[in-house]
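Shown next, in structure tokens, is the structure this report addresses.
The values are calculated or read from the model by the stated rules, or taken from the named source; none is laboratory data. Everything numeric here is computed off the predicted structure, so don't read it as measured data. Methodologically, a virtual Cβ is constructed for each residue, glycine included, from the backbone with ideal geometry; neighbour enumeration extends over all protein chains shown.
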Amino acid sequence: MELAEQGQIVTQPSDIMKQPTVLEFLGMEEKAEYSETELETAIIDKLQTFLLELGKGYLFEARQKRFTFDEDNFYVDLVFYNRLLRCYVLIDLKTDKLTHQDLGQMQMYVNFFDRYRKLSDENPTIGILLCKEKNDALVEITLPKDSNVFASQYALYLPDKKELQKKLAQWIEEETGGMDETTV
């Protein structure tokens, strides 16, 4: 009821995460393989809609933001600033299964922004990996508990009605520990 009356309330970094992030508005054809550049270009072409999908308070700063550290160049796919949280939000796109290397790379990006880009009165940087496929156990074991790095699986299209019903039934089973809906 609170969500219906007030909308999404953003008070901490995890509040800005959507699971999954639905990218249907991009109009990309569902195919076995596409590149991160194709995905990034589609997002930039539909930036306003992408910002609405992300949630409240986002401001776009850069695409392929380059930073140099110890003579090596690194590129963050998308850089945003969230004015409600008062922090940078870095997004890296992954068209394959998320790996621990991807998580480590994003942690390095977040550390760099926290140490060399953010102002002293701003909050810690948030890193988001938007990936086609992720393993929650891998994310949990790779990142420290207090990390500001998150992984969000994206879907180019919402599943059909039968698939949504199946996922809802699975979620109810997990949440109720096997009790049926009538006893909950």
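Let's see how each residue does on (1) surrounded by fewer than 21 Cβ atoms within 10 Å (Cβ to Cβ); (2) over 17 Å from the mean Cα position of the chain (by Cα):
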position: Asp92; (1), (2): no, no
position: Met106; (1), (2): no, no
position: Arg117; (1), (2): yes, yes
position: Ser120; (1), (2): yes, yes
position: Pro124; (1), (2): yes, no
position: Ile128; (1), (2): no, no
position: Cys131; (1), (2): no, no
position: Leu143; (1), (2): yes, no
Among residues of segment 51-65, those that are within 15 Å of Gly127 (Cβ to Cβ) and not in a strand (DSSP E or B), counted: 1
Restricting segment 66-86 to residues that are outside any loop (DSSP other than H, G, I, E, B) and touching a residue at least 40 places away in the same chain (Cβ under 8 Å), the residue that is nearest to Met106 (Cα to Cα): Asp77
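Looking at the structure I just gave you, is Lys94 outside any strand (DSSP E or B) and in contact (Cβ under 8 Å) with a residue 40 or more places away in the chain? Outline the logic, then answer.
On the way: outside any strand (DSSP E or B): no; in contact (Cβ under 8 Å) with a residue 40 or more places away in the chain: yes.
Considered against the rule, which asks whether it is outside any strand (DSSP E or B) and in contact (Cβ under 8 Å) with a residue 40 or more places away in the chain, Lys94 comes out as no.
State which residue is nearest to Ala137 (Cα to Cα) when the search covers only segment 65-90 and only residues that are among the charged types (D, E, K, R) and crowded, with 17+ Cβ neighbours inside 10 Å.
Asp77
Could you identify the single residue in Gln101, Gln8, Gln48 that is modelled with pLDDT under 95, of a type outside the set (A, V, I, L, M) and either within 21 Å of Val139 (Cβ to Cβ) or assigned to a helix (DSSP H, G or I) (or both)?
On the way: Gln101 fails: modelled with pLDDT under 95; Gln8 fails: either within 21 Å of Val139 (Cβ to Cβ) or assigned to a helix (DSSP H, G or I) (or both).
Step by step, each of Gln101, Gln8, Gln48 is checked, and only Gln48 is modelled with pLDDT under 95, of a type outside the set (A, V, I, L, M) and either within 21 Å of Val139 (Cβ to Cβ) or assigned to a helix (DSSP H, G or I) (or both).
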Selection from segment 25-52 of residues that are of a type in the set (Gly, Ala, Ser) and without any contact (Cβ under 8 Å) to a residue 40 or more places away in the chain: Gly27, Ala32, Ala42
Failed criterion for Trp171 (all others in (1) part of a helix (DSSP H, G or I); (2) out of contact with any helix residue (DSSP H, G or I) (no Cβ under 7 Å at 6 or more places or on another chain); (3) closer than 30 Å to Asp72 by Cα hold): (3)
Filter pass, Leu130 being touching a helix residue (DSSP H, G or I) at 6+ places or on another chain (Cβ under 7 Å) and either assigned to a loop (DSSP other than H, G, I, E, B) or in contact (Cβ under 8 Å) with a residue 40 or more places away in the chain (or both): no
Checklist (1) surrounded by 13 or more Cβ atoms within 10 Å (Cβ to Cβ); (2) under 25 Å from Gly27 (Cα atoms); (3) under 15 Å from the mean Cα position of the chain (by Cα) applied to Glu61, failing item: (3)
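Might you let me know whether segment 105-125 holds any residue that is of a type in the set (Asp, Glu) and under 21 Å from Phe74 (Cβ atoms)? Steps first, please.
Step one: filter segment 105-125 for residues of a type in the set (Asp, Glu), giving 114, 121-122.
Still in the list and also under 21 Å from Phe74 (Cβ atoms): 114, 122.
Looking for residues that are of a type in the set (Asp, Glu) and under 21 Å from Phe74 (Cβ atoms), one finds at least one in segment 105-125, hence yes.
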